[in-house]
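Written below as structure tokens is the structure these notes are about.
The values are calculated or read from the model by the stated rules, or taken from the named source; none is laboratory data. Values in this document were obtained by computation on a predicted structure and should not be read as measured data. Don't worry about glycine lacking a Cβ; one is built from the backbone with ideal geometry, like all the others, and counts go over all protein chains shown.
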Amino acid sequence: MDKGKLITKIIFGEEEISKVKFPVDEETKKSFEIAWDIWENFERQIRKPIRAMIAKKIYDMLKEKIENEESFQNYKIINKGFLDGRKLGHLLFFPDVWLLNNEDEPILSYSLEYDIKDYYDISYGIIKKNKNIPFRGYNPTKFKELLEIQKKLENIDFESSEEYLVWKWFKEPYGGMWQLEFYEKVIIEGVNKVASYYVNELKSLIEQTQDDIDNFIEKYKKEKGLL
């Protein structure tokens with residue numbers, strides 16, 4: 001049966017609204033009110049909290065890596081609106097040797113970011129401290145290591161921007177978080193498995209790029225007289 005007709009049938013007992021005899025009885029009225037409440041509150045009470053759970057689990061999994069895995073023991077994690085689902089809210093995840101002097105944030109960092117508020121449209125990549133640091137524009141023309149990262153990753157659909165050395169949307173339905181398929185994955189596979197997808201993609205990016213960025217950071221510090 002057509003889904004629209006099924007909904008009408010469940011509420012009114014008829015497949016076509018034109019066949020419903022108004023006024024309806026009290027039981028039908030209650031069915032209509034329940035359906036209305038579900039529609040009105042579904043995003044706020046169900047979908048958004050599920051997305052927030054995924055964000056929190058991603059954060060917790062990255063913290064666990066810092067605490068339990070030797071290769072991440074020198075990493076730091078900073079929440080910049082990611083856990084709150086802010087527009088452009090993001091996480092910073094980086095080795096502490098990427099920090100310059102006593103600054104709180106490095107000039108480059110791995111990042112996950114929501115493009116739209118309330119935990120929608122998530123991407124990941126390597127974010128710059130700001131659009132002018134460590135270089136201005138889309139391409140770091142004087143930094144060979146960073147150019148090599150861009151060239152290597154463009155073959156797997158990473159892009160560049162003023163804010164990001166490289167960035168990429170997570171594949172659907174994980175990226176948008178709009179579709180039924182995303183929520184079905186959470187319901188069927190569980191929060192841990194879905195959150196692991198994002199963490200594993202970020203880990204893959206780290207494995208492909210950290211050595212190059214380590215070399216760049218060392219040269220950058222020498223150039224600035226910080227070593």
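In region 124-171, the residue that is farthest from LEU88 (Cα to Cα) out of those that are touching a strand residue (DSSP E or B) at 6+ places or on another chain (Cβ under 8 Å) and of a type in the set (Gly, Ala, Ser) is SER160. LEU146 falls short on exactly one of the conditions (1) free of Cβ contacts under 8 Å to residues at least 40 places away in the same chain; (2) farther than 30 Å from ARG44 by Cβ, and that condition is (1). Please work out if LEU62 is at pLDDT below 95, surrounded by 16 or more Cβ atoms within 10 Å (Cβ to Cβ) and not hydroxyl-bearing (Ser, Thr, Tyr). No.
So is LEU108 among the hydrophobic types (A, V, I, L, M, F, W, C), modelled with pLDDT of 95 or more and touching a strand residue (DSSP E or B) at 6+ places or on another chain (Cβ under 7 Å) or not?
yes
Pairs linking a residue in region 10-21 that is over 16 Å from ALA35 (Cα atoms) to a residue that is charged (D, E, K, R) and in a helix (DSSP H, G or I), with Cβ atoms under 8 Å and 6 or more positions apart or on different chains, are GLU16/LYS5.
If you go through region 107-125 and keep only what is surrounded by fewer than 24 Cβ atoms within 10 Å (Cβ to Cβ), within 27 Å of ILE156 (Cα to Cα) and touching a helix residue (DSSP H, G or I) at 6+ places or on another chain (Cβ under 6 Å), you end up with just TYR119.
If you go through region 1-28 and keep only what is loosely packed, with under 12 Cβ neighbours inside 10 Å, part of a helix (DSSP H, G or I) and either of a type in the set (Lys, Arg) or touching a Pro at 6+ places or on another chain (Cβ under 7 Å) (or both), you end up with LYS3, LYS19.
Residues in region 156-185 that are more than 30 Å from PHE143 (Cβ to Cβ) and in a loop (DSSP other than H, G, I, E, B): GLU172, PRO173, TYR174, GLY176, MET177, TRP178, GLN179.
For (1) touching a residue at least 24 places away in the same chain (Cβ under 8 Å); (2) among the β-branched types (Val, Ile, Thr); (3) out of contact with any Cys (no Cβ under 9 Å at 6 or more places or on another chain); (4) within 20 Å of TRP167 (Cβ to Cβ), each residue gets a yes or a no:
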| site | (1), (2), (3), (4) |
| --- | --- |
| ARG47 | yes, no, yes, no |
| LYS63 | no, no, yes, no |
| LYS87 | yes, no, yes, yes |
| PHE94 | no, no, yes, yes |
| ASN101 | yes, no, yes, no |
| TYR110 | yes, no, yes, yes |
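Of the residues examined, VAL194 is one that is touching a Lys or Arg at 6+ places or on another chain (Cβ under 7 Å), among the aliphatic types (A, V, I, L, M) and either in a helix (DSSP H, G or I) or crowded, with 16+ Cβ neighbours inside 10 Å (or both). The residue that is nearest to LEU112 (Cα to Cα), among those in region 169-227 that are in contact with a helix residue (DSSP H, G or I) (Cβ under 7 Å, 6 or more places away or on another chain) and without any contact (Cβ under 8 Å) to a residue 24 or more places away in the chain, is PRO173.
A residue that is in a loop (DSSP other than H, G, I, E, B) and either modelled with pLDDT of 95 or more or under 22 Å from the mean Cα position of the chain (by Cα) (or both) cannot be found anywhere in region 147-154.
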